[in-house]
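The values are calculated or read from the model by the stated rules, or taken from the named source; none is laboratory data. Computed from a predicted model, the values in this text were never measured in an experiment. Reconstructed Cβ throughout: ideal geometry from the backbone, glycine too, with neighbour counts over all protein chains shown. For the accessible areas, the whole protein counts, side chains as well, though only heavy atoms, and no ligand, DNA or RNA atoms are used. Shrake-Rupley method; radii C 1.70, N 1.55, O 1.52, S 1.80 Å.
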Amino acid sequence: QVQLVESGGGLVQPGGSLRLSCAASGSIFSIYAMGWYRQVPGKQRELVAFIANRGSTNYADSVRGRFTIFRDNANNTVYLQMNSLEPEDTAVYYCKAHIGITKQTPSREYWGQGTQVTVSS
């Protein structure tokens, strides 16, 4: 059984910073791409940032230059460093990872449970 557990959300003032973490655990053979998504009530979940297993990254235009995604492969963890936060960044943030549990089994998507980020004065 594979689990993704996020942490690091909370309440922060505009202009502040937060770092989200997402740790994968369980029966893992290999972790491929990992990413962070966010969702606000009434809207579709949207991609925030993405990192491939070899480290290439991609960002939503709205966060590029303010957010940084990076991963610690030794500890099966992906991070999202969020700086210069704006009220528009308020959302539930979800971690997603493509994980293979054996060499023969095709990888599939796993999602974390989400962590709330609120940017407000």
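Looking at 55, 10, can you tell me which residue is of a type in the set (Gly, Ala, Ser) and either open to solvent by 40 Å² or more (accessible area, probe 1.4 Å) or farther than 18 Å from residue 119 by Cα (or both)?
Of the residues listed, the single one that is of a type in the set (Gly, Ala, Ser) and either open to solvent by 40 Å² or more (accessible area, probe 1.4 Å) or farther than 18 Å from residue 119 by Cα (or both) is 55.
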**OP:** Name, by its number, the condition in (1) over 23 Å from residue 106 (Cα atoms); (2) touching a Phe, Trp or Tyr at 6+ places or on another chain (Cβ under 7 Å) that does not hold for residue 11.
**Re:** (2)
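Determine whether residue 14 is assigned to a loop (DSSP other than H, G, I, E, B) and touching a residue at least 40 places away in the same chain (Cβ under 8 Å).
yes
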Subject >> Only listed residue being small (Gly, Ala, Ser), more than 20 Å from residue 86 (Cα to Cα) and open to solvent by less than 40 Å² (accessible area, probe 1.4 Å), chosen from 33, 60 >> reply: 33
Original post:
Listed residues 55, 114; which is under 16 Å from the mean Cα position of the chain (by Cα), small (Gly, Ala, Ser) and at pLDDT below 95?
Top reply: 55
